[in-house]
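**Q** One structure follows; several queries about it will come next.
The values are calculated or read from the model by the stated rules, or taken from the named source; none is laboratory data. From a predicted model like this one, the values you see are computed outputs, not experimental measurements. Methodologically, a virtual Cβ is constructed for each residue, glycine included, from the backbone with ideal geometry; neighbour enumeration extends over all protein chains shown. With ligands, DNA and RNA removed, areas are computed over all heavy atoms of the protein, side chains included. Shrake-Rupley method; radii C 1.70, N 1.55, O 1.52, S 1.80 Å.
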Amino acid sequence: MRLTVLGTASHYPTPEAACSGYLLEHGRAAVWVDAGPGSLAELQRHRSPADLDALWISHAHADHTADLLPLYYALAFGDLPPRPPLPLLGPADLRGRLVGFLGAGAGPELDRVFAFSSLADRRSARIGGLELDWEAVPHDVPAWALRARAGDASLVYTGDATLSPGLVAFAGGCDLLLSEAGADRPDGSHLTPEDAGALAADARAGRLLLTHLALGLGPAEAVRRAAGNYDGPIIPARPGDVVSVGPVSEAVPTVEA
């Protein structure tokens, strides 16, 4: 299984980084996880949107969903090859939000482009060789964490969440923990770097990949703070990074803390 980082920024995209977005691949299967603003452009460096097998959206905040709109235009009106409706697994209100942007008559065209499925209505999906499971997590809107498995490899993505026993149990034993650190100090909606480190330690994660850092929090500082609670490998995510996910040590991008 392979993870490509498409975007890491919090709140808004910058010249250096799109907002949250990740590409999961195994064999021929490809799932775009979260579609923050700017991440569609980065996605196209690695794979055509027409070749995606599914989208998985952790929650409905704009910094995780805004590129669903340009994706709709690309698939509906662009010069991409025609394809069946793209499975879109996400919060139940995503379709209504997109209709609100596009206009009341857009529903039929949206359903031609996307096959909507609510995360609240099911707990798992199989996309090619990728097995996806998800669990509700505490946030200020309905939100879910994702666990992806392929063979012996496992990855857990927190989405946006606060630390909870349920999240620790859900992440238990994963090879790679992709964790946000969107709060510089506890805010009731996001993990701090210390929380991310504690989550990785309590879940016995093989490696910790930090993303979605709080504004003003640099990667070296985030790594230093997470390392106070976790003594395993810690990697700050950067757009374009490609990380192999598996139970054995892999060469991965690093930043000096």
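**Q** Checking the conditions here, which among Gly240, Gly218, Gly228 is modelled with pLDDT of 95 or more and under 28 Å from Gly27 (Cβ atoms)? Outline the logic, then answer.
**A** Values: Gly218 fails: under 28 Å from Gly27 (Cβ atoms); Gly228 fails: under 28 Å from Gly27 (Cβ atoms).
From the options Gly240, Gly218, Gly228, the qualifying one is Gly240.
**Q** Now a separate question. Looking at (1) in a helix (DSSP H, G or I); (2) within 27 Å of Pro219 (Cα to Cα); (3) among the aromatic types (Phe, Trp, Tyr), which is the one condition that is false for Trp144?
**A** It is condition (1) that Trp144 fails.
**Q** How about the stretch 43-141: which helices (runs of 4 or more DSSP H) wholly inside it have at least 3 residues that are under 27 Å from Ser164 (Cβ atoms)? First the steps, then the outcome.
**A** Details: elements: 62-65, 68-77, 94-102, 107-113.
The qualifying helices (runs of 4 or more DSSP H) are 62-65.
**Q** Could you tell me whether any residue of the stretch 107-130 is under 23 Å from Gly182 (Cβ atoms), in contact with a strand residue (DSSP E or B) (Cβ under 6 Å, 6 or more places away or on another chain) and either among the basic types (Lys, Arg) or open to solvent by 60 Å² or more (accessible area, probe 1.4 Å) (or both)?
**A** no
**Q** Also, I was wondering about something else. Restrict the check to the stretch 207-216 and report whether at least one residue is touching a helix residue (DSSP H, G or I) at 6+ places or on another chain (Cβ under 7 Å) and either open to solvent by less than 10 Å² (accessible area, probe 1.4 Å) or under 25 Å from Gly128 (Cα atoms) (or both). Even if it seems obvious, please write down each step before you answer.
**A** Step one: of the stretch 207-216, the residues touching a helix residue (DSSP H, G or I) at 6+ places or on another chain (Cβ under 7 Å) are 208, 210, 213.
Now drop any that are not either open to solvent by less than 10 Å² (accessible area, probe 1.4 Å) or under 25 Å from Gly128 (Cα atoms) (or both), which leaves 208, 210.
Checked the stretch 207-216: at least one residue is touching a helix residue (DSSP H, G or I) at 6+ places or on another chain (Cβ under 7 Å) and either open to solvent by less than 10 Å² (accessible area, probe 1.4 Å) or under 25 Å from Gly128 (Cα atoms) (or both).
**Q** Taking the condition of being open to solvent by less than 10 Å² (accessible area, probe 1.4 Å) and touching a His at 6+ places or on another chain (Cβ under 6 Å), how many residues in the stretch 166-196 meet it? First the steps, then the outcome.
**A** So the first thing to find is which residues in the stretch 166-196 are open to solvent by less than 10 Å² (accessible area, probe 1.4 Å), and the list is 167, 171, 174, 176-181, 183, 191-193, 196.
Applying the additional criterion that residues be touching a His at 6+ places or on another chain (Cβ under 6 Å) yields 180, 183.
So the count comes out to 2.
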